[in-house]
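Read the figures in this text as sums done on the coordinates, not as results from a lab. Computed from a predicted model, the values in this text were never measured in an experiment. Here the Cβ is made from the backbone with ideal geometry for all residues, glycine too, and neighbour counts use every protein chain on show.
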Amino acid sequence: MARLSVMTTTPVPARRDLSEAPLLVAARGGAPAHVPVWFMRQAGRSLPEYRRLREGVPMLSACFDPELLAEITMQPVRRHGVDAAILFSDIVVPLRAAGVNIDIVAGTGPVVAEPVRSRDDVARLPELEPEQLRPVAEGVRLLVERLGRTPLIGFAGAPFTLASYLIEGGPSKHHARTKALMRSEPELWHALAATLARTTSTFLRAQLDAGVDAVQLFDSWAGALSEKDYREFVLPHSAAVLADVAEYGVPRIHFGVGTGELLPAMREAGADVVGVDWRLPLDEAARRLSVPGLPAPVVQGNLDPALLAASWPVVEDEVRRIVAEGRAAGGHILNLGHGVLPETDPEVLTRVVELAHSL
């Protein structure tokens with residue numbers, strides 16, 4: 001697949017030697033010293049120190065403040081002892097950086113002032129330039145200095161999910177406008193998705209140039225699609241992004257919600273690790289992801305975030321079951337099947353990490 005045309009303004013720095021870090025070992029299909037674990041949305045609303053730090057600070061302002069995003073990213077590493085930090089960011093950060101009028105409204109989520117629904121709308125979308133991501137890159141550089149032996153995972157939303165927000169104007173349960181445009185105006189759809197693939201790639205490359213050790217492509221809404229539509233309208237653009245960052249040689253994780261029926265196609269997109277939500281056991285996910293002639297798949301997941309509110313014996317049984325099922329894959333990174341819920345007791349997350357390391 002042709003490489004996206006994205007220019008970098010700084011050379012790729014010498015990376016930390018984290019070859020023995022359990023997360024990176026597992027992501028490459030090796031045998032780590034212990035089961036690696038991190039949590040999606042581990043830096044966020046479940047932590048009281050996060051709430052104190054964010055008081056009075058809008059979400060997107062925090063994402064563009066190097067010191068603040070570095071400190072928020074570090075908080076769960078200090079508290080929980082997780083095997084990776086995930087860059088504190090949001091799916092819409094690259095859109096906002098490029099100049100799209102989008103904001104995160106409390107209680108609603110991302111809201112777009114002028115939805116994208118026509119050829120002219122697509123033509124007006126600004127191209128993201130690396131210079132517009134300077135605060136994010138500076139935050140990454142601060143984290144690389146402070147994290148020591150803990151890997152840092154970069155983050156970006158996939159083209160389909162970004163397109164859905166732009167077309168719908170905000171979060172959507174059914175993605176009706178998105179699906180209608182996709183099917184009725186496929187040329188327009190592919191033009192939009194290709195533009196957003198460049199945006200996503202620029203965002204990931206800025207993080208990689210600053211020193212992140214792995215990246216995750218997050219396709220929140222891909223599970224709303226049939227496999228046929230995913231392959232035709234989404235797979236080529238996600239694959240383009242993943243191919244464009246392959247030269248960095250770091251593990252690439254691809255995750256979506258409700259994507260059990262899409263897992264084989266998601267692996268075809270080119271990721272090294274495929275995230276699995278809680279709806280499908282990991283041994284079955286590994287079976288679906290297996291391809292003759294390719295190495296055994298590496299999976300990430302998949303504890304149901306809601307179960308963290310259950311009694312500890314329930315949580316412990318689930319963690320043990322998931323770790324056992326994960327052994328069917330070529331590698332396993334323990335995580336949730338989606339993000340940490342705001343009401344989660346942080347102590348439970350710490351105990352999950354301790355249990356995983358003991359296994």
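Each label point is 7 Å from the Cα along the Cα-to-Cβ direction; what then is the distance between the points at GLU227 and GLU20, in nm?
Going from the GLU227 label point to the GLU20 one covers 4.3 nm.
Highest GNM mean-square fluctuation, the chain, Cα pairs closer than 10 Å: which of PRO313, PRO48, PRO76?
Among PRO313, PRO48, PRO76, the largest mean-square fluctuation in the Gaussian network model of the chain belongs to PRO313.
When the Cα centres of segment 220-234 and segment 289-359 are compared, how far apart do they sit, in Å?
25
If you keep only loop residues by DSSP, which GluC sites (Glu not before Pro) in segment 57-161 have at most 15 other Cβ atoms within 10 Å of their Cβ?
Details: sites: GLU67, GLU71, GLU127, GLU131, GLU138, GLU145; in loops: GLU127.
Loop-located and lightly packed - GLU127.
Which length gain, in nm to one decimal place, applies between ARG183 and ALA123 when the Cα-Cα distance is subtracted from 0.36 nm times their residue separation?
Values: separation 60, 0.36 × 60 = 21.60 nm, distance 1.95 nm.
Difference between extended and current length: 19.7 nm.
What's the exposure ranking of LEU307, LEU162, going from fewest to most Cβ atoms within 10 Å? Walk me through the intermediate numbers first.
Numbers: LEU307 17, LEU162 29.
The fewest-first ordering by Cβ neighbours comes to LEU307, LEU162.
Sort 204-216, 339-351, 267-279 by packing, meaning the average of other beta carbons within 10 Å per residue, with the highest value first. Intermediate results must be reported in sequence, preceding the final value.
On the way: 204-216: 24.5, 339-351: 16.3, 267-279: 22.2.
For the peptides 204-216, 339-351, 267-279, the packing ranking is 204-216, 267-279, 339-351.
Rounded to whole Å and sorted largest first, list the principal axis extents of the Cα atoms in segment 149-307.
45, 36, 36
Evaluate segment 49-133: find the radius of gyration of its Cα atoms, find its Kirkwood radius, and give the ratio Rg to Rh. Walk me through the numbers before you get to the answer.
Details: Rg = 15.4 Å, Rh = 14.7 Å.
Over the Cα atoms of segment 49-133, Rg/Rh equals 1.05.
Please give the charge dipole size of the chain, origin at the Cα centre, charges +1 on K and R Cβ atoms and -1 on D and E Cβ atoms. Round to the nearest 20 debye.
Here the chain has a charge dipole of around 200 debye.
Would you calculate, for the chain, the mean residue ellipticity at 222 nm contributed by helices, counting each DSSP H stretch of 4 or more residues as -39,500 (n - 2.57) and dividing by all residues, to the nearest 500?
It lands at -12500 deg cm²/dmol.
Put +1 on the Cβ of each Lys and Arg and -1 on the Cβ of each Asp and Glu in the chain; which of PHE155, GLY301, LEU87 then has its Cα farthest toward the positive end of the dipole?
In the chain, that residue is GLY301.
In square nanometres and to one decimal, what's the mean projected area of the convex hull around the Cα atoms of segment 37-292?
Result: 13.5 nm².
Please arrange ILE153, ILE333, ILE86 by counting, for each residue, the other beta carbons lying within 10 Å of its beta carbon, fewest first.
Taking fewest neighbouring Cβ atoms as first place, the list is ILE153, ILE86, ILE333.
What FRET efficiency would be calculated for the residue pair ARG327, ALA113, taking the C-beta separation as r and a Förster radius of 51 Å, to the nearest 0.05?
0.60
Can you tell me which of LEU196, LEU18, LEU87 moves the most in a GNM of the chain? Springs connect C-alpha atoms under 10 Å apart.
In this elastic network of the chain, the residue with the biggest mean-square fluctuation among LEU196, LEU18, LEU87 is LEU18.
For ILE333, list long-range residues whose amide hydrogen, built 1.01 Å from N in the peptide plane, is under 5 Å from its own amide hydrogen.
Amide H to amide H, under 5 Å and 5 or more residues apart or across chains, ILE333 pairs with VAL299, GLN300, GLY301.
Measuring from label point to label point, each 7 Å out along Cα→Cβ, what is the LEU294 to SER311 span in nm?
Label-label distance for LEU294 and SER311, simple model: 4.2 nm.
Between GLU354 and LEU341, what length in nm is gained on full extension when 0.36 nm per residue of separation is reduced by their alpha carbon distance?
2.7 nm
Using Cβ counts within 10 Å as a stand-in for footprinting exposure, how do PHE218, PHE39 rank, fewest first? Don't jump to the answer; show the numbers that get you there.
On the way: PHE218 22, PHE39 26.
Listing PHE218, PHE39 from fewest to most nearby Cβ atoms yields PHE218, PHE39.
Taking R0 as 30 Å, what FRET efficiency do you get between LEU53 and ARG149 from their Cβ-Cβ distance, rounded to the nearest 0.05?
Values: r = 24 Å, r/R0 = 0.81.
The computed FRET efficiency comes out at 0.80.
Dipole of segment 60-196, Cα-centred, from +1 at each Lys and Arg C-beta and -1 at each Asp and Glu C-beta, to the nearest 20 debye?
Its charge dipole is roughly 460 debye.
For the charge dipole of the chain, defined by +1 on Lys and Arg C-beta atoms and -1 on Asp and Glu C-beta atoms about the Cα centroid, which residue among THR344, LEU24, ALA70 has the Cα displaced farthest towards the positive pole?
Final value for the positive-end residue is LEU24.
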